[in-house]
Structures are given as C-alpha cells and as structure tokens.
Amino acid sequence: MPRRAYRILPQEQGYNPFSNWILDFGGFPGRWEITRSAEETTGESLGMRFEIETAMGDAPPLHIHPHAEESYQVLSGVLEVNVNVEGEWQQVAAGETHSVPAGTAHTFRNKVPVSLINVHKPALEFERFFRRFHTLVTEQGVTLPPKNFKSAVLLGMLFSDHEQEVVSVKPPQMAMRALAMLGRLLRYRLPD
C-alpha cells in the first residue's frame, strides 16, 4: 500500500496514520514495521523492521524463497539463522548482517529479544503474504507452529497461495498443498 498524506486527528480519537505500516502480532512473532514497501521500491525489495521481544520456542518452518534473496541486519540482540536442511545455527549479532540466496532452505529464531531489518529482493508478493499472515494470527487465532487443526490448514492454504514467494521444506510443500485442498473442501477462506 502506498504511504498517503493524512490529516492528523487528535490521539484521543485513536487514529494512527501509519497503522497500516505496522503489523503488531501481540507476542510472537512481535511487531513488524514495513519500512520500504514494494510500491516504494517499484518491486525491487520489501524492507521491514522486526522487533521480537519474546524468545521463540520453535523456529518458523524450514522454507525456501525460490525467486528472492532474504537478508537480516541485526540492530540489537542476537538472531540465529539455520541455512540448509542439515545446517547448523549461525549467530548473527548486533551490527552484523546475513544473506540467504534465493532457493536456499533456511529458518531463524531468537533466544533473546532482537531487533532487525529484514529485506526480501525482489519484493514479489511478500507484503501481501505477511499482511495475510498477520490477519490470520490476530483475527483468526492462527499459531506458528500450528497448535490446532484450523491453524495447520490455514497455514497450508497461505503457503500454497504464495508459492512464488515461499515454499515449505519441513514440512514438505506437498503437505501444505494437501492441507490447502482440505481447507477448500471445508470452505475455509484466507483474508484478502
């Protein structure tokens, strides 16, 4: 979404002109701010600032971005990145960066609060993917990792709908597609 000029209203009315740039998950995975949208970069990249105050119990699923590089620039704390299926966890401390080439299986986690800049190049439809994920978490109670059947099905549907952006390795994408098919049969719907 493009940044727009807004007339600032009094705070007591609860208006925040930049609220559509903030994805606050309330706990894990924290608060994400879109710092450079796909539209602003004409599709070159999507930049986000992640503030993750809760230590992750589990990492997001091991996944691939088939057509995009992902990079992490740690501002404070320590991020751990696992690259490849048999990869070991690499610590990325404040002031350091780490890039994951397109097509490389990876995931990340943190054991302490962490603040970082996350960039996907090119932007593809990552912003839509993250906004949809945010809506699933905040409005439909989806958890990562999934703690119930509905969460698993909706995540399968989301991953299957964004295979140009992200492909699950563990669990395999075939499992995500099967969950997506089941979700369609049950008439589950993803947010727009």
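The values are calculated or read from the model by the stated rules, or taken from the named source; none is laboratory data. These figures come from a predicted structure and were not determined experimentally. Virtual Cβ from ideal backbone geometry, glycine too; neighbours counted across all protein chains shown. When the accessible area is computed, the model is the full protein with side chains, heavy atoms only, and any ligands, DNA or RNA have been set aside. Shrake-Rupley method; radii C 1.70, N 1.55, O 1.52, S 1.80 Å.
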- Query: Taking only protein heavy atoms and a 1.4 Å probe, what accessible area per residue, in Å², does the chain have with all protein chains in place?
  - Reply: 53 Å²
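With Cβ to Cβ distances under 13 Å as the rule, what net charge do the other residues near residue 120 carry (K, R +1; D, E -1)?
Computed value for this residue: -3.
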- Task: Keeping every protein chain in place, order 187, 109 by accessible area at 1.4 Å, biggest value first, i.e. largest first.
- Result: 187, 109
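Where the accessible area of the chain is counted over protein heavy atoms with a 1.4 Å probe, how much of it, in %, is carbon and sulfur?
52 percent
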- With every protein chain in place, what's the accessible area of residue 144 (1.4 Å probe, Å², nearest 10)? 40 Å²
- Message: Just to confirm a number: summing +1 for Lys and Arg and -1 for Asp and Glu over residues other than residue 74 whose beta-carbon lies under 11 angstrom from that of residue 74, what do you get?
- Response: -2
- Message: Could you give each residue of region 59-65 its phi-based ³J(HN,Hα) in whole Hz, using Karplus coefficients 6.51, -1.76, 1.60 with θ = phi - 60°, and x for Gly or Pro?
- Response: 7, x, x, 4, 8, 10, 9
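Order 161, 192, most accessible first, counting only protein heavy atoms with a 1.4 angstrom probe.
Details: 161 85, 192 150 Å².
So, going from the largest accessible area down, we get 192, 161.
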- Message: What is the sum of charges, Lys and Arg at +1 and Asp and Glu at -1, for the other residues whose Cβ falls under 14 Å from the Cβ of residue 101?
- Response: -1
- Message: Need the list of lysines near residue 150 for cross-linking: C-alpha distance under 22 angstrom, and skip anything on the same chain fewer than eight residues off.
- Response: 170
- Contour excess over end-to-end distance, with Cα ends at residue 147 and residue 104 and 0.36 nm allotted per residue: 12.8 nm
- Query: Which one is right for this structure if percent of Cα pairs over 31 Å apart is calculated from it: (1) 48; (2) 22; (3) 16?
  - Reply: (3)
- Task: Would you kindly find the accessible area of residue 99, with a 1.4 Å probe and non-protein molecules such as ligands, DNA and RNA excluded, rounding to the nearest 10 Å²?
- Result: 70 Å²
- Query: Per-residue accessible area for residue 177 at 1.4 Å probe radius, Å² rounded to 10?
  - Reply: 120 Å²
- Message: Apply the Karplus curve 6.51 cos²θ - 1.76 cosθ + 1.60, θ = phi - 60°, to the phi angles in region 159-173 and return the couplings in whole Hz, x for Gly and Pro.
- Response: 4, 5, 7, 10, 5, 6, 9, 8, 10, 6, 9, 9, x, x, 4
- Query: What translational diffusion coefficient, in µm²/s and rounded to a whole number, does the Stokes-Einstein relation yield for region 35-82 at 37 °C and a viscosity of 0.692 mPa s, taking the hydrodynamic radius as the Kirkwood radius over Cα pairs?
  - Reply: 250 µm²/s
- Using every pair of alpha-carbon atoms in region 89-192, split the distances into 10 Å bins beginning at 0 and state the percent of pairs per bin, rounded to integers. 13, 41, 35, 11, 1
